[in-house]
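Trainee: Structure in structure tokens, see below.
The values are calculated or read from the model by the stated rules, or taken from the named source; none is laboratory data. Here the structure is a predicted model, which means the values were calculated and not measured. Here the Cβ positions follow ideal geometry from the backbone for every residue, glycine too, while neighbour counts run over all protein chains shown.
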């Protein structure tokens, strides 16, 4: 349960402009209950770690506070929450922690002003609190007509990360909100994570050397057959990536076609281009299935802003600001080679998908299983999909097989155009047409 300003506005509408005697009585009862409950010992949960970040936070629990005690993914942010409800379905207190890896960078004073505008309140106090491994800049915002107190803090983390902490209370003594906010700060812990730094270093090294040295072949076309747990073909992918060798801002070109058979299947076409140093890149994708159809454009400009435009039944435009470890997913194959070349056994990178998501991904090298396999890598995608991925490379450091698991295990194996056409003869045009038209 994540509160929004809509929650506050709903309460405001119910109250109206004039509060009668009965309303005042109810408010008095609620305020008295809150004072007793909140002035009692503030209990915190055990530290709740966020994997591969070096961050752990304890949240208020008990005495009316309820928390699921786990981080939830939502649009390039991990959220940890606790809700105070004096009565069922009537929350009057909220505590949230946000770990962001693609948020807009700004001075704390500017972000304080944004937050005050967001809750339609006034800034009455600011401060800075050093805590375990972090320094948190914070603000207290009041909205007297709504009896709302907000404490909101922000801390800049290495490699483009950011931590925001907020506590909202209505019908309550502001000092109680401050106590809860301070207890959260006192008990958080941040040690950093060298794996995020390692990922940023690898991506930065690739950018500085340029992509053209990794794309010597004019045609880097790869085809994979996708099979279900019974070993039956259910789909395929056709990908290519090349250096156009033309004097243009975005000289690296790529494209892919994904097809999944069956009533719940569909297809996705993607085109990609980027500059040699990866400072700018652009995706265009089209997804079509029996249930939906939409297009997405993803553009990263020179300023580092990632703009995602989706067009379909519900159109929207969003902006993200990825850090130095962000990498487009079309370079998955090359990422493993770069890790091997740099003797990097594990790291975290932020994978930018054609759909516009920016997903922190933990990549680790495992021991080989047989003579056919030279290298094995495991991937954990830290989003809401619950997807794991094991990748097998041959002696030439090329992917020849992948095992994809999310409830059901699927296998993707490197193949030829002839094998795909044999399994899906009606899809021959997408498989056999030349790269320039893919």
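Trainee: Restricting to region 127-149, what's the tally of residues that are surrounded by 14 or more Cβ atoms within 10 Å (Cβ to Cβ) and at pLDDT 95 or above? Lay out the reasoning, then the answer.
Mentor: Taking region 127-149 as the starting set, the residues that turn out to be surrounded by 14 or more Cβ atoms within 10 Å (Cβ to Cβ) are 129, 131, 133-134, 136-143, 146-149.
Subsequent filtering for residues that are at pLDDT 95 or above retains 129, 136-141.
Matching residues across region 127-149 total 7.
Trainee: Being in a loop (DSSP other than H, G, I, E, B) and touching a helix residue (DSSP H, G or I) at 6+ places or on another chain (Cβ under 9 Å) is the filter here, so list the residues in region 131-156 that pass it. I'd like the intermediate steps shown before the answer.
Mentor: Residues of region 131-156 in a loop (DSSP other than H, G, I, E, B): 132-133, 147.
Across region 131-156, the qualifying residues are 132, 147.
Trainee: Is it true that some residue in region 275-285 is over 22 Å from residue 211 (Cα atoms) and either in the same structural domain as residue 401 (by TED's automatic domain parsing) or at pLDDT below 90 (or both)? Steps first, answer last, please.
Mentor: Of all residues in region 275-285, those over 22 Å from residue 211 (Cα atoms) come to 285.
Subset that is either in the same structural domain as residue 401 (by TED's automatic domain parsing) or at pLDDT below 90 (or both): 285.
Within region 275-285, one or more residues are over 22 Å from residue 211 (Cα atoms) and either in the same structural domain as residue 401 (by TED's automatic domain parsing) or at pLDDT below 90 (or both).
Trainee: Moving on. Being surrounded by fewer than 19 Cβ atoms within 10 Å (Cβ to Cβ) and in a strand (DSSP E or B) is the filter here, so list the residues in region 246-268 that pass it.
Mentor: 260, 266, 267, 268
Trainee: Among the candidates 264, 207, which residue alone is within 30 Å of residue 99 (Cβ to Cβ) and modelled with pLDDT under 90? Walk me through how you get there before you give the answer.
Mentor: Numbers: 264 fails: within 30 Å of residue 99 (Cβ to Cβ).
Checking each option against the conditions leaves just 207.
Trainee: Now a separate question. May I ask you to list the residues in region 295-318 that are in contact (Cβ under 8 Å) with a residue 40 or more places away in the chain and either surrounded by 17 or more Cβ atoms within 10 Å (Cβ to Cβ) or closer than 21 Å to residue 250 by Cα (or both)?
Mentor: From region 295-318, those in contact (Cβ under 8 Å) with a residue 40 or more places away in the chain are 296, 298, 300, 306, 308, 310, 318; that's our starting set.
The answer is 296, 298, 300, 306, 308, 310.
Trainee: Further, regarding this structure: Mind checking which strands (runs of 3 or more DSSP E) fall wholly inside region 370-438 and carry at least 1 residues that are crowded, with 17+ Cβ neighbours inside 10 Å and in contact with a helix residue (DSSP H, G or I) (Cβ under 8 Å, 6 or more places away or on another chain)?
Mentor: On the way: elements: 375-381, 388-393, 399-406, 408-414.
Where strands (runs of 3 or more DSSP E) fall fully within region 370-438 and carry at least 1 residues being crowded, with 17+ Cβ neighbours inside 10 Å and in contact with a helix residue (DSSP H, G or I) (Cβ under 8 Å, 6 or more places away or on another chain), they are 375-381, 388-393, 399-406.
Trainee: On the given criteria, is residue 342 in contact with a helix residue (DSSP H, G or I) (Cβ under 8 Å, 6 or more places away or on another chain), modelled with pLDDT under 90 and either surrounded by 13 or more Cβ atoms within 10 Å (Cβ to Cβ) or not assigned by TED's automatic domain parsing to the domain that holds residue 299 (or both)?
Mentor: Details: in contact with a helix residue (DSSP H, G or I) (Cβ under 8 Å, 6 or more places away or on another chain): yes; modelled with pLDDT under 90: yes; either surrounded by 13 or more Cβ atoms within 10 Å (Cβ to Cβ) or not assigned by TED's automatic domain parsing to the domain that holds residue 299 (or both): yes.
Here the answer is yes, as residue 342 does meet what is asked.
Trainee: A follow-up question, please. Among the residues of region 157-195, which ones are in a loop (DSSP other than H, G, I, E, B) and closer than 25 Å to residue 107 by Cβ?
Mentor: Initially, region 157-195 is screened for residues in a loop (DSSP other than H, G, I, E, B), giving 157-161, 171-173, 188, 191-193.
Selection gives 157, 158, 159, 160, 161, 188, 192.
Trainee: So is residue 255 under 26 Å from residue 413 (Cβ atoms) and free of Cβ contacts under 8 Å to residues at least 12 places away in the same chain or not? If you could, list the steps in order and put the result at the bottom.
Mentor: Details: under 26 Å from residue 413 (Cβ atoms): yes; free of Cβ contacts under 8 Å to residues at least 12 places away in the same chain: no.
The answer is no for residue 255.
Trainee: Still on this structure, I have one more. Take the conditions touching a residue at least 24 places away in the same chain (Cβ under 8 Å), surrounded by 20 or more Cβ atoms within 10 Å (Cβ to Cβ) and over 23 Å from residue 337 (Cβ atoms) and apply them to residue 184. Does it pass?
Mentor: Working: touching a residue at least 24 places away in the same chain (Cβ under 8 Å): yes; surrounded by 20 or more Cβ atoms within 10 Å (Cβ to Cβ): yes; over 23 Å from residue 337 (Cβ atoms): yes.
Yes; evaluated as a whole, the condition is true for this residue.
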